[in-house]
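The values are calculated or read from the model by the stated rules, or taken from the named source; none is laboratory data. In this text, all values refer to a predicted model and were calculated from it rather than measured experimentally. Using ideal geometry, Cβ is built from the backbone for each residue, glycine included, and neighbour counts are taken over all protein chains shown.
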Amino acid sequence: MSHYFKPATIEEALSLASDYSNNYVYFGGGTDLQIYRKQKLIKDEAIIDLSGLTDIYRIQADGNALILGAFVTLDDITAAPEIQTHFPLLAEAAASVATPVIRKTATIGGNLLVNNRCTFYNQSKEWRDAAGSCMREVGPTCLVTGGKDKCFSRNVSDTAPALIALNATVTVQTQKGKNEIPLKDIYAPDGIKYHQHMDDAILTAIHVPEKPVNGWFKKLRLRKTLDFTSLTIAAAIDTSGVARVCLNGVSMSPILIEEPFSGLTLEVLIRNARKNCKTVDNDLMPLKYRREMMNVFLKQWWSTVHND
Ligand SMILES: Cc1cc2nc3c(=O)[nH]c(=O)nc-3n(C[C@H](O)[C@H](O)[C@H](O)COP(=O)(O)OP(=O)(O)OC[C@H]3O[C@@H](n4cnc5c(N)ncnc54)[C@H](O)[C@@H]3O)c2cc1C
Ligand code: SF4
């Protein structure tokens, strides 16, 4: 039985986290966490519900920059006229997550920090007991590769590649103070410890520095709603001509290819994507198909920006 807390200030939340060190979980909208609790994949002693922290709910956008509080829901992002007008890439990414009902509760902070997934891990306790548990839980090996030293569970956030393509930074707060870091830097290429710079930290805000020249988003999944991504690609070109193409759902962390657009070729883009994504057969869609679709999506983006 877990203890439930709903602190009113960030300081109180951080202090509770310190009291329950390594044995607590921050609760955003809970739409991801509740499944993990039900499937007995997490058993934390304390649940620290962040929904009482009223200062992390704002949307502040103009024709240039965007600031989002970490507790803004995905539904609010999709519906915000200023985001639809100036950052449609982000509105599209938020609208692609889960289902309309889930998006009313799911927060942007929780989506950026959603847990990595694998078809051999995100299963009921009974399934895992029958099939054998892997090294991400208590078993000795990875059930996908047979290896003993690396987990390849996938980062499945859809808004992370969109915001990385938009060159976003995030504000994270710990008991030592506030820190602003590039969003891309909070992800680590490790299927077990997939977030970094986040120990005990609360993500409070997201900043997009400027409106891009253009943006593009595409998600591959079995059904057009509900399903997690099998491959998400978001891309944007900023006002100084830098192209950021970010792939997710195909590696342990989002994979960013960042190049001056004028020097980029489709061949280099595809080669870098294939080299940097550590894609294994741990999704409902087959590995070969997902790899092929990387090329298809990248070619689609390439022809879109060259026809603009
Ligand atoms: C049926 C179904 C389909 C789904 N489909 C998708 C999908 O297509 N794409 C997708 O990306 N996700 C999907 N999800 C997962 C989830 O609903 C979303 O990722 C959602 O945005 C998570 O947000 P949340 O606020 O509910 O996070 P929570 O579940 O509350 O938290 C997620 C993680 O973030 C941490 N966290 C939350 N907020 C903060 C904060 N402010 N500071 C520090 N840590 C924090 C939590 O501790 C937890 O580890 C799906 C879930 C379900 C049940
Ligand atoms: S990639 Fe391997 S170790 Fe990681 S969750 Fe899947 S089966 Fe387990």
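Would you point out the residue of segment 277-304, among those that are in a helix (DSSP H, G or I), in contact with a Leu (Cβ under 8 Å, 6 or more places away or on another chain) and without any contact (Cβ under 8 Å) to a residue 40 or more places away in the chain, that is nearest to Cys142 (Cα to Cα)?
Lys299
Tally up the residues in segment 74-94 that are crowded, with 22+ Cβ neighbours inside 10 Å and among the β-branched types (Val, Ile, Thr), please.
2
One line per residue, one yes/no per condition, for (1) modelled with pLDDT of 95 or more; (2) β-branched (Val, Ile, Thr); (3) surrounded by fewer than 24 Cβ atoms within 10 Å (Cβ to Cβ):
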{"position": "Tyr194", "(1), (2), (3)": "yes, no, yes"}
{"position": "His207", "(1), (2), (3)": "yes, no, yes"}
{"position": "Lys218", "(1), (2), (3)": "yes, no, yes"}
{"position": "Arg221", "(1), (2), (3)": "yes, no, yes"}
{"position": "Ala236", "(1), (2), (3)": "yes, no, no"}
{"position": "Gly241", "(1), (2), (3)": "yes, no, yes"}
{"position": "Val245", "(1), (2), (3)": "yes, yes, no"}
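Condition first: out of contact with any strand residue (DSSP E or B) (no Cβ under 8 Å at 6 or more places or on another chain) and either within 16 Å of ligand 2 (Cβ to nearest atom) or aromatic (Phe, Trp, Tyr) (or both). Can you find one or more residues in segment 151-169 that meet it?
yes
Yes or no, residue by residue, for (1) touching a residue at least 40 places away in the same chain (Cβ under 8 Å); (2) among the polar types (S, T, N, Q); (3) not assigned by TED's automatic domain parsing to the domain that holds Leu74:
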{"residue": "Ser15", "(1), (2), (3)": "yes, yes, yes"}
{"residue": "Asp19", "(1), (2), (3)": "no, no, yes"}
{"residue": "Tyr24", "(1), (2), (3)": "no, no, yes"}
{"residue": "Tyr36", "(1), (2), (3)": "yes, no, yes"}
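Looking at this structure, is Thr107 in contact (Cβ under 8 Å) with a residue 60 or more places away in the chain and either in the same structural domain as Asp281 (by TED's automatic domain parsing) or more than 24 Å from Leu256 (Cβ to Cβ) (or both)?
In short, yes.
So which residues in segment 242-276 are more than 16 Å from ligand 1 (Cβ to nearest atom) and in a loop (DSSP other than H, G, I, E, B)?
Passing the criteria: Leu264, Thr265.
Among the listed residues Val114, Val144, Val97, which satisfies the condition of being touching a residue at least 40 places away in the same chain (Cβ under 8 Å), among the aliphatic types (A, V, I, L, M), near ligand 2 (Cβ under 8 Å from one of its atoms) and surrounded by 14 or more Cβ atoms within 10 Å (Cβ to Cβ)?
Val144
Exactly one of these conditions fails for Pro254: (1) more than 20 Å from Pro286 (Cα to Cα); (2) at pLDDT 95 or above. Give me its number.
(1)
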